[in-house]
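Presented below is the structure to which this report refers.
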Amino acid sequence: MSSPVIQLLVLAGIAIFLILRLRDVLGTREGFEKPQVTQQPEARQGRANFEVIEGGPDADIIDHVDADSAAAKALGAMKQADGSFGVGDFLGGARGAYEMILMGFEAGDLAKIKPFLSDDVYASFAGVVEAREKQGLTIDANFVGVREMKLVGAEFDPTSKEGEVTVRFVGEQTSVVRDKAGEVIEGNPNEVKRQKDVWTFARIMGTDNPNWQLVATGE
């Protein structure tokens with residue numbers, strides 16, 4: 001057998017072998033077939049799951065109030081009106097504001113906390129401080145910390161864009177009342193007492209001023 005014929009037979013054999021291997025890998029299709037479904041890469045799967053989470057409840061809200069509550073709807077509206085607003089961030093700021101305002105009131109130093117008080121609350125605080133001064137009384141107080149804090153309500157006015165958030169605090173502090181002579185007439189400097197307060201903070205959402213004001217107090 002001549003050399004060219006042998007070469008042709010070898011090449012034909014190789015071609016047949018390759019065709020059979022391709023059929024094993026790709027399979028055969030007859031007529032219209034659905035394309036094969038391949039598993040998505042991990043990165044794409046993670047993105048798909050993330051998109052489902054994005055479309056679900058806002059954890060920043062439902063971590064603090066019931067998902068179907070009026071407070072949750074109000075908080076959601078606040079976040080739509082102000083992209084910088086976060087419930088967790090607000091509560092962190094409220095914790096610090098509670099200590100600052102409470103200690104400013106106890107010390108009778110209202111000047112530094114006035115920007116954080118509504119006119120009505122400031123007038124109420126000022127009346128108490130003035131009455132103490134007339135009696136010659138002073139208060140020595142030390143803030144120990146916030147034992148409990150819970151968001152208990154929220155409201156949003158879509159017309160004025162004003163948001164209100166109500167928080168219940170349980171604070172701990174030491175406090176004594178002294179007379180004109182400096183003698184302790186009430187309290188014990190070594191006794192830690194709990195103080196319960198329910199405060200409502202308000203702010204016009206979407207404005208350049210990030211500060212919330214204390215607009216109502218209760219127990």
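With contacts taken as Cα pairs under 8 Å at a separation of at least 6 residues, the range 64-218 carries a relative contact order of 23 percent. Once the C-beta distance of Thr207 and Gln80 is scaled by a Förster radius of 22 Å, the resulting FRET efficiency is 0.90 to the nearest 0.05.
Sparsely packed loop sites in the range 110-198 (the trypsin sites (Lys or Arg not before Pro) outside DSSP H, G, I, E and B with at most 16 other Cβ atoms within 10 Å) comprise Lys112, Lys161, Lys180.
The local environment of Ile204, defined by Cβ-Cβ distances under 13 Å, has a net charge of -3 under the rule Lys, Arg +1 and Asp, Glu -1. Listed by chain and number, the lysines whose C-alpha is less than 18 Å from the C-alpha of Lys79, apart from same-chain residues fewer than 8 away, are Lys161. Remark: spin-label model distance Ser69-Val128 equals 2.5 nm, labels positioned 7 Å along the Cα→Cβ axis. The Cα center of the range 158-177 and the Cα center of the range 59-84 differ in position by 18 Å.
Extending 7 Å from Cα along the Cβ direction at Leu137 and again at Asp89 yields two label points whose distance is 4.1 nm.
Bear in mind that the values in this text are calculations on the coordinates, not laboratory data. Note that the structure is a prediction, hence the values are computed from the model and not measured. Ideal geometry is used to build each Cβ from the backbone, glycine not excepted, and the neighbour counts take in all protein chains shown.
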